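Visitor: Here it is, the structure, as structure tokens.
Taken together, the values in this text are just the output of simple stated rules run on the coordinates, not laboratory data. Here the structure is a predicted model, which is why all the values come from computation and not from measurement. Here Cβ is always computed from backbone atoms with ideal geometry, including for glycine, and neighbour counts include all displayed protein chains.
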Amino acid sequence: MTITLAIETSCDETSCAILRDGREILSNIISSQIEIHREFGGVVPEVASRKHIENINIIIQQALDEANINFHDIDLVGVTQGPGLVGALLVGISTAKAIAYAIDKPIVGVNHIEGHICANYIDHKDLEPPFTCLVVSGGHTYLVQAKSYTEYELVGRTRDDAAGEAFDKVARALGLSYPGGPLIDELSKKGDKYAIDFPRVYLEQDSYDFSFSGLKTAVLNYLNQKRQKNEDIIIEDVAASFQQSVIEVLVEKTIKLAKERKSDKIVMAGGVAANEGLRSLMNYRGKEEGIKILYPSRILCTDNAAMIGSAAYFHYMEGDISNLYLNVEPNLELKG
């Protein structure tokens with residue numbers, strides 16, 4: 001049995017989790033800064049770093065207390081190494097290295113994107129690689145082929161705005177608060193998803209990359225034209241039509257890759273994987289194609305330390321261990 005203490009501070013959530021054998025959560029404490037950053041319309045890196053410093057020790061103690069263990073019970077320390085905000089990452093890595101040194105236990109630096117994928121191992125105990133994975137969050141949109149618990153092939157990625165970033169920018173243009181993604185998802189339920197013919201950008205015929213900048217511009221142009229003509233804007237229809245344009249491209253490219261690689265499972269991960277429209281369409285297409293669709297519970301779609309602990313455990317089992325010279329990598333790529 002391996003008990004992992006994991007820390008996640010890549011953006012604006014301070015989180016610490018305790019896991020048993022990489023799949024069982026003993027505690028997963030998350031302190032969100034959404035209310036703080038909402039007044040700025042997005043995450044302010046310096047503010048995020050300062051709040052992590054204020055919160056980290058409190059959150060770690062809460063995680064230990066909820067799991068009913070102490071530092072001497074820990075076998076492994078996992079921490080987000082990147083990608084993320086450099087100042088925020090430094091708080092987590094500095095704390096994790098201090099703990100690993102103090103209790104003389106190994107430390108594993110984890111890729112945040114890999115952590116999102118591994119969240120599925122927690123909620124789906126029988127899930128095993130290989131599988132096709134769609135990672136969609138505020139900062140990243142990736143199509144990945146998971147070859148093992150620690151090996152990944154990055155097949156496609158966004159060339160400009162990530163899906164979640166496009167959601168937030170369109171939400172801001174509609175006068176919605178931050179974060180905008182969940183609000184657009186809710187509005188979409190009341191709107192006509194085919195009311196406005198926004199573009200579906202598939203790029204080159206064989207490309208698995210994504211591009212959402214042109215779609216975002218099309219929405220902004222639509223809104224500006226309506227306002228210039230003093231015409232009514234039905235924001236529910238705008239939200240629904242925009243969301244449909246995004247999720248159709250995400251789903252079709254993912255299904256295409258799964259069929260090409262003969263995958264019988266598609267796994268979704270990241271904050272946008274909580275989007276009900278995306279889940280619904282992916283489930284529908286998966287059923288049509290005979291492909292099993294999996295995604296984590298909503299709490300594990302957001303940034304959290306449990307997913308980092310899961311990824312750290314699998315690397316530890318492969319003998320892939322970091323050392324106390326571990327440093328942050330704000331632009332860390334997903335390694336194959």
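Visitor: So what's the net charge close to Ala102: Lys and Arg +1, Asp and Glu -1, counting the other residues with Cβ under 15 Å from its Cβ?
Guide: Result for the local shell: -1.
Visitor: Amide H of Val110: which non-local residues (sequence gap of 5 or more, or other chain) have their own amide H closer than 5 Å, using H built in the peptide plane?
Guide: Placed amide hydrogens put Val79, Thr80, Gln81, Gly82 under 5 Å from Val110.
Visitor: In a Gaussian network model over the chain where Cα atoms closer than 10 Å are linked, find which of Leu90, Leu223, Leu64 has the largest mean-square fluctuation.
Guide: Leu223
Visitor: Between the helical axis of 86-103 and the dominant principal axis of the chain, each derived from Cα atoms, what acute angle in degrees is found, rounded to the nearest 10?
Guide: Rounded to the nearest ten degrees, it is 20.
Visitor: To continue, here is another question. Which ³J(HN,Hα) values, rounded to whole Hz and listed in residue order, are derived for the range 170-176 from phi using the Karplus coefficients 6.51, -1.76 and 1.60 in 6.51 cos²θ - 1.76 cosθ + 1.60 with θ = phi - 60°, glycine and proline given as x?
Guide: Result, rounded to whole Hz: 5, 4, 4, 5, 8, x, 8.
Visitor: Another question about this same structure. I'd like the distance separating the alpha-carbon centroids of the range 97-159 and the range 19-60, in whole Å.
Guide: For the range 97-159 versus the range 19-60, the Cα centre distance is 19 Å.
Visitor: Amide H to amide H under 5 Å from Leu76: which residues, 5+ apart in sequence or cross-chain, H placed 1.01 Å off N in plane?
Guide: Result for Leu76 returns Ile3, Leu5.
Visitor: Excluding Ile234 itself, what net charge comes from residues whose Cβ is under 11 Å from its Cβ, given Lys and Arg +1 and Asp and Glu -1? Numbers along the way, then the final one.
Guide: Details: positive: Lys190, Lys226; negative: Asp192, Glu231, Asp232, Glu236, Asp237.
Counting the neighbours of Ile234, the net charge comes to -3.
Visitor: Now, a different point. Can you tell me the 0 to 90 degree angle between the C-alpha axis of helix 305-317 and the longest principal axis of the chain, rounded to 10?
Guide: Approximately 60 degrees, to the nearest ten.
Visitor: May I pose another question? Which order do peptides 24-32, 139-147 fall in by mean Cβ count within 10 Å, highest first? Provide the component values of the computation, followed by the final result.
Guide: Working: 24-32: 18.9, 139-147: 22.4.
In descending order of packing, they fall as 139-147, 24-32.
Visitor: Show the residues, 5+ positions off or on another chain, whose built amide H is closer than 5 Å to the amide H of Phe212.
Guide: Arg159, Asp160, Asp161
Visitor: Among DSSP beta bridges whose residues both lie in the range 64-181, state the antiparallel percentage, nearest 5.
Guide: Values: 11 of 16 bridges.
That works out to approximately 70 percent antiparallel.
Visitor: Using a cut-off of 9 Å between beta-carbons, work out the net charge of the residues near Tyr152 (Lys and Arg +1, Asp and Glu -1, Tyr152 not included). Walk me through the numbers before you get to the answer.
Guide: Numbers: positive: Lys147, Lys335; negative: Glu114, Glu151, Glu153.
Overall, the nearby charge balance is -1.
Visitor: Take every Cα pair under 8 Å in the chain that's 6+ residues apart, average their separations, divide by the length, and report that relative contact order as a whole percent. Could you put the intermediate results ahead of the total?
Guide: On the way: 754 pairs, mean separation 86.7, N = 336.
It comes to 26 percent, rounded to a whole number.
Visitor: Across the Cα atoms of the range 129-298, what radius of gyration and what greatest pairwise Cα-Cα distance (Dmax) are found, in Å?
Guide: 16.0, 55
Visitor: Continuing with this model, one more query. Ranked highest first by average number of other Cβ atoms within 10 Å, how do 238-246, 294-302 line up?
Guide: Working: 238-246: 24.8, 294-302: 18.9.
Those peptides, ordered most packed to least, come out 238-246, 294-302.
Visitor: Sticking with this structure for a sec: Return the percentage of antiparallel bridges among DSSP beta bridges fully within the chain, rounded to the nearest 5 %. Can you show the working numbers first?
Guide: On the way: 25 of 42 bridges.
The answer is about 60 percent antiparallel.
Visitor: In this model, which of Lys125/Lys190; Lys226/Lys287; Lys125/Lys169; Lys193/Lys226 are farther than 29 Å apart at the alpha-carbon?
Guide: On the way: Lys125/Lys190 35 Å; Lys226/Lys287 39 Å; Lys125/Lys169 36 Å; Lys193/Lys226 18 Å.
With Cα atoms farther than 29 Å apart: Lys125/Lys190; Lys226/Lys287; Lys125/Lys169.
Visitor: Roughly how tilted is helix 276-289, in degrees to the nearest 10 and between 0 and 90, from the longest Cα axis of the chain?
Guide: 90
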